[in-house]
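Please read the structure below before turning to the comments.
Only the coordinates and a few stated rules stand behind these numbers; no lab work does. Keep in mind it's a predicted model, so treat the numbers as computed, not measured. All Cβ positions, even for glycine, are placed from backbone atoms using ideal geometry, and neighbour counts span all protein chains on display.
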Amino acid sequence: MSPRADSVASAPLRIAIAGSRGFPHVYSGYETFVANVAPRLAARGHEVTVYCHRGLFTPRPPVVDGVRLVYVPAIERKVLSQLIHSLLTTLHVVAAARPDVVLYVNSANGPFGWLLRTGGIRSAINVDGLEWLRPKWKGLGARYFRWASGVATRSFDVVVTDANAMADIYRREFGAASTTIAYGANVGFSERAERVRECGVEPGEYFLVVGRLIPDNNGDLLVRGFTRTNIRRKLLVVGDVPYRDAYAAAVRGTDDPRVLFPGYVRDQDLLRELYCNAYVYLHGHEFGGTNPALLNALACGCAVAALDTPFNREVLLDGRHGRLFLKDESAVAHLLTTLDQSPGVVRELGATARDRIAERYTWEGITDQYEAMLQQLAERL
């Protein structure tokens, strides 16, 4: 556990958190962030309110784990849902709630910082990853995300990036300084290793991939690289997409019997067992900052092989806590074969994995940093 930053417990704050789907609805990185930070801030005496997508919650309790919940309607469509929800949320914050500070997530919400500023509400935004580079946002979507990300650097009082490499990009792309606060993870240990058999694998006898089947997670690269090997262990690909998609179908279309696709694993205890008992976790995520799945693998003591990006290199300390591979299926195949034949190396990587989480990525330490940042923001003259 990291020390409390500057003994920030001066006056309790009224904090609003917006821009995610809500709490305790855990769907992606944003919701996981809110689910871990919001109740910790509330436990420290702050009045924390999280804005939720009304249509995603039944029932709708007013308080969960000490966190106040406000349910705001939205048109639940892929493109417009978040923007409409954020607009209504921002209007409620300015006209009715009037908190001391607002913490937004998602750079798509960049323009709403102007409304907060006009209303005299101090605000910060966690901009997360490089959404404008992700293949799913082509054309107008990509242009909007880059524009909104730039606007966020001017409209919000504080911009939060979750990796030093991301801070460098925002400085280079938008000429903007940011506060770097990483993502977090909870350390986990195996309690019932036999549960992995529910997914058709044996403990220690599978390579693991966790993530949505979208192009920027490079599931196709990992599957193709694996199928070029003669490895007897299996490849377990956990994740899917909640809609019909040609890319996801192509990834699942392999006829190699060693490759298994259990789909989403929503049972968090089972997912922890899959991480803890994997031989090696394979990470192909490309455009995010500090990625939750990568941290979860380390937190469960898993040896890691990751795509060589500035973000993954930062988490793995340039390869000291995992192996890195180029975006090439022959490079993937070569590394997997090497690791398959090097159980001693794999054990060494797993033995130090949790140390990396303790150094920088505990949720208590992350909450310390957010608390200090929000306190300083509230006290600005």
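At-a-glance table
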item	result
Fraction of antiparallel bridges per DSSP, the chain only, in percent to nearest 5	5 percent
Gyration tensor (alpha-carbon) shape descriptor, region 197-356, a/c threshold 1.5	rounded
Cβ crowding within 10 Å averaged over residues, with 247-257, 168-178 ranked highest first	168-178, 247-257
Cβ-placed point charges (K, R +1; D, E -1), dipole of the chain about Cα centre in debye, nearest 20	840 debye
Interchain or long-range residues, amide H under 5 Å from C52's placed H	V70, Y71, V72
Residue among K234, K138, K327 with the largest mean-square fluctuation in a Gaussian network model of the chain, springs linking Cα atoms under 10 Å	K138
The chain: relative contact order as a whole-number percent, Cα under 8 Å and 6+ apart	17 percent
Alpha carbon centroid spacing (whole Å) that separates region 139-201 from region 203-233	23 Å
Dipole-positive endmost among A331, A43, S20 within the chain (Cβ charges, Cα centre)	S20
Stokes-Einstein D (µm²/s) once Rh is taken as the Kirkwood radius of the chain over alpha-carbon pairs, at 37 °C in 0.692 mPa s	152 µm²/s
Rounded to 5, the percent of DSSP beta bridges in region 85-198 classed as antiparallel	0 percent
Residue of R21, R192, R212 that the Gaussian network model of the chain assigns the largest fluctuation, springs spanning Cα pairs under 10 Å	R192
Relative contact order [Cα under 8 Å, 6+ residues apart], region 176-252, whole percent	32 percent
Built amide H within the under 5 Å cut-off of A303, gap 5+	Y281, G350
Cβ-placed point charges (K, R +1; D, E -1), dipole of region 82-187 about Cα centre in debye, nearest 20	340 debye
Charge dipole (the chain, unit charges on Cβ, about Cα centre) - positive-most of Q375, V34, T118	T118
